[in-house]
Amino acid sequence: MLSIKNLSASINGKEILKGVNLEVKAGEVHAIMGPNGTGKSTLAYVIAGRQGYEVTSGEIIFNGRNLLELSTEERACEGIFLGFQYPVEIPGVSITNFLRTAMNEQRKYHGLDPIPAKEFLSKMEEKKKMLELQDKLTNRSVNEGFSGGEKKKNEIFQMAMLEPMLAILDETDSGLDIDALRIVATGVNKLRRPDNATVVITHYQRLLDYIVPDVVHVLFDGRIVKSGGKEMALELEEKGYEWIKSQL
Amino acid sequence: MEHIQIETDLKSSLESIFTEKSPTLFSKDTPYVAGVRKQAFDKFAQLGFPTARQERWRGTDLSKSLAPDYEFIMEAPGENVDIEKIFQCEVPHFETFLVAQLNGWYVYRNSPLTVLPSGVVIGSLAKAFEQYPDLIKQHYGKYTEQSAEGLIALNTAFAQDGIFIYVPDNVTVPDVIQMVNIVDFDRNLMLQARNLVIVGKNSHLRLVQCDDSINHKVTFINSVSEVFLDKDSSLDHYKLQNKDEHSTLINSLYFYQESGSSLSSNAISLNGGIIRNNTTVKLAGEHSSANIYGVYLMDRNQHIDNQVFIDHMVPNCQSSEMFKGILDDHASGVFNGHVMVRKDAQHTNAYQSNKNILLTDKATVDTKPFLEIYADDVKCSHGATVGQLDGDAMFYIRSRGISEANAQILLMYAFAAEVVNKISIPELRQRIDDMVKKRLRGELSYCDQCVLHCSTQEKKVSFEIDVTKI
């Protein structure tokens, strides 16, 4: 599904990614771990198409399409979803309106008519129930005045509504208490299907108690330096990132 | 109908018109009104038109607006103009009591002054001069008289008609009163519109003031409204400005508030050549409050100027100002928020905020918060920002599949919504919300009004004027 080859990228002339290689197949859950400042978020941004990053070499192929040639919104319409580490507040725009706009723009991209209001509402009810979200959350403005936990749940709710092919969750577990963590993880697990994939970017092993990855990668100094099975996350937790460094 | 052509030297020709024509033009003046007029004329002769050299006019240059030859319409258009033929309110389920001014003159069907069963009087100011001399003496010209503005003096010197609203004590006016100011004239027109609103003790009024134009000629509207709010009364006031680019609109509002009264005034400026809103609030009675809001969306070469002066004269009053604007292309904006807290006005609570988004590097805004505080136990805050659309927010929205253009609209809409959401009449809020969305999509033209029926746009709008009445 996603094939990243020798990807290097810089921001303001500073090289952050230094030849990343990553293969994600449909049905898989990948975890990308690593200490702070090694390029985890940059990798997520470059895949999603954030402005300001310059790709200096390599390619990102997603379902046969060269992502680097597409705008941010086109990538989203192709099925990329980024769950933000710091979701942005948009006062004055309700989650309902925001999601409906997003969904209809994605449908338009695929040559579909806008979603009928009734269908949209029942879909929203269904997903809210699935994620155990409070009713009133969706009437509020996007992320405005939300607690950290509410913001992250809202990210998962958007993911549930937009049904992406590939979801990249950037530090979705940061700042969450155990209950919120469980809800977020349950959402991710319930949304898992044979035809979609998830990349979880995380700092700690904790989230991986709830979301069991097929592959764990360690990103260090702009490169994926080690990949392995889920047991590697435990080993990392135990031995720390110094262990990785010593192996380099 | 008598039209007076004004020569290029506007000030001296206005002076000679006044001197020569006063006896005939203002023949119906009561001694009180005549006195106010004469005094204002002398003041205008002394002050003249404002120039960019004056501090209060530094950001708004009227020299181009004052350059063309203008005409004055010195006689009423006559009675029995069918308002429904001209206007149709597009706001669904919006029951309003509609009063209209055509080229500055009150337009009426049956009677120049309507007296409702509750005792509320709505109608022509010219008629009120004659019929309610005591109320006029008590209020007319009282709230503007300290003004050092040449334009206020000019208006008072030449004002002949406008809208008069009187709400007696203890009346809650059920209908929203909608004041529509229409300009339809085939030559350049300068007009002095004058309104007087009196809200009695413990009475409540909702007022929507719309400034519209039909023609494409150059117009200069110098509108002055005086509003008196008696004890424990309230006024919910809206100003909707959607004008063509040839127009200059100077809209001066003077609010005078007695104790316990509350005012909310919201200026929504969507289009216009030059718009200047002067809002003066005198908090003269304790525990009175004023919320002054504004939102402006300007593009091309449009210019918007909001001047707010809030005078905390006594203790325990509250005022709040929030103005938000988006300026595109070469548009320019000015905000000047002056809050005065007098020596004895302890426990004043004053808040002020002006936020701007500039979409291009050619758009400009000049914002100046100005707090003048002479009391020591007060809470005052102010803030002004000028910026671009937030890059993080743009990325967030686009990462959901929303196009760059729509993401921009969404953010601009969200920015304006903070002010629009303060509109407490649901039907009006809905409509203005729609207009703002349309405006942001670039689909709102000046003839797309809340009150004008769009389908009549192609037809030449005709007013049935009875010439014999003139």
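The values are calculated or read from the model by the stated rules, or taken from the named source; none is laboratory data. Note that the structure is predicted; figures quoted are calculated from it, not measured. When we count neighbours, we look across all protein chains shown, and the Cβ atoms used for this are built from the backbone with ideal geometry, even at glycine.
Observations on the model:
- Tally, over region A:231-248, of residues that are touching a helix residue (DSSP H, G or I) at 6+ places or on another chain (Cβ under 8 Å) and in contact (Cβ under 8 Å) with a residue 24 or more places away in the chain: 3
- Of all residues in region A:87-141 being of a type in the set (V, I, T) and within 21 Å of A:T186 (Cβ to Cβ), the one that is nearest to the chain's Cα centre (by Cα): A:I95
- Those residues of region A:109-148 which are within 14 Å of chain B (Cβ to nearest Cβ) and among the polar types (S, T, N, Q), in sequence order: A:N139, A:S141, A:N143
- Reported count of residues in region A:81-113, each being small (G, A, S) and at pLDDT 90 or above, is 3.
- When A:E54 is tested against (1) among the acidic types (D, E); (2) under 18 Å from A:T172 (Cβ atoms); (3) over 17 Å from the mean Cα position of the chain (by Cα), only condition (2) is not met.
- Some residue of region A:66-88 being of a type outside the set (G, A, S), exposed (fewer than 14 other Cβ atoms within 10 Å of the Cβ), free of Cβ contacts under 8 Å to residues at least 40 places away in the same chain and assigned to a strand (DSSP E or B): yes
- When region A:58-104 is filtered for residues that are charged (D, E, K, R) and either out of contact with any helix residue (DSSP H, G or I) (no Cβ under 7 Å at 6 or more places or on another chain) or under 27 Å from A:G37 (Cα atoms) (or both), the ones remaining, listed by number, are A:E59, A:E69, A:E73, A:E74, A:R75, A:E78, A:E89.
- Candidates are the residues of region B:18-44 that are farther than 16 Å from B:E130 by Cα and surrounded by 18 or more Cβ atoms within 10 Å (Cβ to Cβ); the one that is modelled with the lowest pLDDT is B:F18.
- Residue satisfying condition, being surrounded by fewer than 23 Cβ atoms within 10 Å (Cβ to Cβ) and either among the aliphatic types (A, V, I, L, M) or more than 26 Å from B:D311 (Cα to Cα) (or both), within set B:N181, B:N242, B:N202, B:N188: B:N188
- Enumerated strands (runs of 3 or more DSSP E) restricted to region B:344-449, each holding at least 1 residues that are of a type in the set (S, T, N, Q) and surrounded by fewer than 17 Cβ atoms within 10 Å (Cβ to Cβ): B:349-358, B:379-387
- Residue satisfying condition, being in a strand (DSSP E or B), more than 14 Å from chain B (Cβ to nearest Cβ), under 30 Å from A:E231 (Cβ atoms) and acidic (D, E), within set A:E59, A:E23, A:E54: A:E23
- Among the residues of region B:29-81, just one is over 21 Å from B:Q146 (Cα atoms), touching a Lys or Arg at 6+ places or on another chain (Cβ under 8 Å) and not in a loop (DSSP other than H, G, I, E, B), namely B:E71.
- Residue in region A:95-105 that is surrounded by fewer than 22 Cβ atoms within 10 Å (Cβ to Cβ), in contact (Cβ under 8 Å) with a residue 40 or more places away in the chain and more than 13 Å from chain B (Cβ to nearest Cβ) present: yes
- The listed residue being buried (at least 24 other Cβ atoms within 10 Å of the Cβ) and on the phi < 0 side of the Ramachandran plot, out of B:I292, B:I274: B:I292
- The combined condition, being surrounded by 15 or more Cβ atoms within 10 Å (Cβ to Cβ), within 27 Å of B:N278 (Cα to Cα), at pLDDT 85 or above and in contact with a Gly (Cβ under 6 Å, 6 or more places away or on another chain), is fulfilled by B:P50.
- Residue match in region A:39-47 (condition: touching a residue at least 40 places away in the same chain (Cβ under 8 Å), in a strand (DSSP E or B) and touching a helix residue (DSSP H, G or I) at 6+ places or on another chain (Cβ under 9 Å)): no
- Given (1) touching a residue at least 40 places away in the same chain (Cβ under 8 Å); (2) buried (at least 18 other Cβ atoms within 10 Å of the Cβ); (3) closer than 22 Å to A:C77 by Cα; (4) within 14 Å of chain B (Cβ to nearest Cβ), number of the condition A:K151 does not satisfy: (3)
- Those residues of region B:272-316 which are assigned to a loop (DSSP other than H, G, I, E, B), within 20 Å of B:K343 (Cβ to Cβ) and not β-branched (V, I, T), in sequence order: B:A284, B:G285, B:E286, B:H287, B:S288, B:M313, B:P315, B:N316
- Any hit, region A:70-82, residues being among the acidic types (D, E) and more than 12 Å from chain B (Cβ to nearest Cβ): no
- Answer from B:D232, B:D161 - the residue that is part of a loop (DSSP other than H, G, I, E, B), under 27 Å from B:A34 (Cβ atoms) and acidic (D, E): B:D161
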